[in-house]
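Reviewing the structure listed below.
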Amino acid sequence: MSGDTLDFGFRTWLAIGAGGLASFMLGALWYMLLFSKPWVAATGRNPEEFGEGPGPIMLLTLAGAIISTAVLAVVYQWSGGGSVLHGMGIGALLGVGVAAVETLKKAVYNYDERTRPWPLFAVDAGYAVAGLVLAGAVYALIA
């Protein structure tokens, strides 16, 4: 695909949806299984403080993953696309250059006496980068 035109046909939307869903599912594993204890400890809160259930947060997270993958799709197409490795590189670029930087700002600005900003940043930024790398791979595989 040339970087001159953007293709948002069915296959592109399918790739965006699949990439966003893959990133979302990684987030579920990341926060519920792989890093749940360090993340909760870094927030300075008790698990009971997180409320009854994650329903609305999960829907917003899924929507955010799909939107992020749509942005990734634009950058992928503008750059000429081509391979899964290229998609992963675009994901890493956006993950480190945008998502991790925004996560760092959030960790620093939202710091209080309970929060441990660097461990919280490590878990959150790690997911931001890994989620976009995975989304880039899935997008490139399908698109």
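Return the residues of region 80-101 that are closer than 20 Å to A122 by Cβ and either touching an Asp or Glu at 6+ places or on another chain (Cβ under 9 Å) or in contact (Cβ under 8 Å) with a residue 24 or more places away in the chain (or both); say none if nothing qualifies. Show your work before the answer.
The first filter runs over region 80-101 and keeps only residues closer than 20 Å to A122 by Cβ, leaving 91-101.
Scanning region 80-101 gives G91, A92, L94, G95, V96, A99, A100.
Could you list, ordered by first residue, the pairs with Cβ atoms under 9 Å in which the first is in region 121-143 and over 13 Å from G91 (Cα atoms) and modelled with pLDDT under 95 and the second is of a type outside the set (K, R) and not in a helix (DSSP H, G or I), at least 6 apart or interchain?
A122/F35; V123/F35; A143/M1; A143/D7; A143/G81
Assuming L33 fulfils every condition listed in (1) among the hydrophobic types (A, V, I, L, M, F, W, C); (2) in contact with a helix residue (DSSP H, G or I) (Cβ under 9 Å, 6 or more places away or on another chain); (3) without any contact (Cβ under 8 Å) to a residue 12 or more places away in the chain apart from one, which condition is it?
Only one criterion in (1) among the hydrophobic types (A, V, I, L, M, F, W, C); (2) in contact with a helix residue (DSSP H, G or I) (Cβ under 9 Å, 6 or more places away or on another chain); (3) without any contact (Cβ under 8 Å) to a residue 12 or more places away in the chain is unmet by L33, namely (2).
Which numbered condition in (1) without any contact (Cβ under 8 Å) to a residue 24 or more places away in the chain; (2) of a type outside the set (A, V, I, L, M); (3) under 19 Å from L141 (Cβ atoms) is the only one that Q77 fails?
That leaves (1) as the condition not met.
Every residue, every condition in (1) at pLDDT 90 or above; (2) polar (S, T, N, Q); (3) farther than 16 Å from Y127 by Cα, yes or no:
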site: W13; (1), (2), (3): yes, no, yes
site: S23; (1), (2), (3): yes, yes, no
site: G27; (1), (2), (3): yes, no, no
site: L34; (1), (2), (3): yes, no, no
site: A41; (1), (2), (3): no, no, yes
site: N46; (1), (2), (3): no, yes, yes
site: Y76; (1), (2), (3): yes, no, yes
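Would you kindly identify the helices (runs of 4 or more DSSP H) lying entirely within region 1-95 that contain at least 2 residues that are exposed (fewer than 13 other Cβ atoms within 10 Å of the Cβ)? Steps first, please.
On the way: elements: 10-29, 36-43, 55-78, 84-94.
Helices (runs of 4 or more DSSP H) meeting the threshold: 10-29, 55-78.
Quick one: D7 ticks every box in (1) among the charged types (D, E, K, R); (2) closer than 23 Å to A122 by Cβ; (3) touching a helix residue (DSSP H, G or I) at 6+ places or on another chain (Cβ under 7 Å) bar one, so which box is it?
Tallying (1) among the charged types (D, E, K, R); (2) closer than 23 Å to A122 by Cβ; (3) touching a helix residue (DSSP H, G or I) at 6+ places or on another chain (Cβ under 7 Å), D7 fails exactly one: (2).
The values are calculated or read from the model by the stated rules, or taken from the named source; none is laboratory data. The model shown is predicted, which means the values in this text are computed figures rather than measured ones. Please note: Cβ atoms are built from the backbone with ideal geometry, for glycine as well, and neighbour counts cover all protein chains shown.
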